[in-house]
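First the structure, in the form of structure tokens, and then the observations on it.
The values are calculated or read from the model by the stated rules, or taken from the named source; none is laboratory data. Everything numeric in this text was worked out from a predicted model, so none of it was measured. Neighbour counts are summed over all protein chains in view; Cβ atoms, including those assigned to glycine, are modelled from backbone coordinates with ideal geometry.
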């Protein structure tokens, strides 16, 4: 079953963190005229919502495969780019997103006085 609170939190995080990353990388790789911020917002929100629904009904690895295709389709559709460029955008977004999350987690750990384990993240 889909946990509604979890989905709402994921949508908020996607809108605040993921959408700007998608937008910047999309503008860089797909072009300024094709990658609008509202498109990136739609990709992030729809990706999270569809991911929650797919994850609720399909088993683990099947849902992963379906979601990879869904995310690539969303990028392909909203940024009006080729499938290969959508894949490249997705890869770069993942790398940048992981770096941002690691920095945020490191900062939180440092603020909590757990800075010694911060470099592990």
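Assigned to a helix (DSSP H, G or I), within 24 Å of residue 104 (Cβ to Cβ) and without any contact (Cβ under 8 Å) to a residue 24 or more places away in the chain, is that true of residue 25? Outline the logic, then answer.
Working: assigned to a helix (DSSP H, G or I): yes; within 24 Å of residue 104 (Cβ to Cβ): yes; without any contact (Cβ under 8 Å) to a residue 24 or more places away in the chain: no.
Here the answer is no, as residue 25 does not meet what is asked.
With the requirement that a residue be surrounded by fewer than 18 Cβ atoms within 10 Å (Cβ to Cβ) and either at pLDDT below 95 or within 15 Å of residue 78 (Cβ to Cβ) (or both), what does the stretch 28-45 give you?
Step one: list which residues in the stretch 28-45 are surrounded by fewer than 18 Cβ atoms within 10 Å (Cβ to Cβ), which gives 28, 31-34, 36-38, 42.
Correct list: 31, 32, 33, 34, 36, 37, 38, 42.
Is it fair to say residue 104 is assigned to a helix (DSSP H, G or I), at pLDDT 90 or above and on the phi < 0 side of the Ramachandran plot?
Working: assigned to a helix (DSSP H, G or I): yes; at pLDDT 90 or above: no; on the phi < 0 side of the Ramachandran plot: yes.
In short, no.
Report yes if some residue within the stretch 107-118 is out of contact with any strand residue (DSSP E or B) (no Cβ under 7 Å at 6 or more places or on another chain), surrounded by 17 or more Cβ atoms within 10 Å (Cβ to Cβ), touching a residue at least 40 places away in the same chain (Cβ under 8 Å) and farther than 18 Å from residue 15 by Cβ; otherwise report no.
Looking for residues that are out of contact with any strand residue (DSSP E or B) (no Cβ under 7 Å at 6 or more places or on another chain), surrounded by 17 or more Cβ atoms within 10 Å (Cβ to Cβ), touching a residue at least 40 places away in the same chain (Cβ under 8 Å) and farther than 18 Å from residue 15 by Cβ, one finds none in the stretch 107-118, hence no.
If residue 38 satisfies every condition in (1) touching a residue at least 60 places away in the same chain (Cβ under 8 Å); (2) under 14 Å from residue 18 (Cα atoms) but one, which is the exception?
All conditions are met except number (1).
In the stretch 65-93, which residues are part of a helix (DSSP H, G or I) and exposed (fewer than 14 other Cβ atoms within 10 Å of the Cβ)?
Quick first cut of the stretch 65-93, residues part of a helix (DSSP H, G or I) only: 65-78, 83-93.
Listed by number, the residues that qualify are 65, 68, 69, 83, 84, 91.
Please count how many residues of the stretch 65-78 are farther than 21 Å from residue 40 by Cα and under 15 Å from the mean Cα position of the chain (by Cα).
In the first step, residues of the stretch 65-78 are kept if they are farther than 21 Å from residue 40 by Cα; the result is 65.
Narrowing further to those that are under 15 Å from the mean Cα position of the chain (by Cα): none.
Matching residues across the stretch 65-78 total 0.
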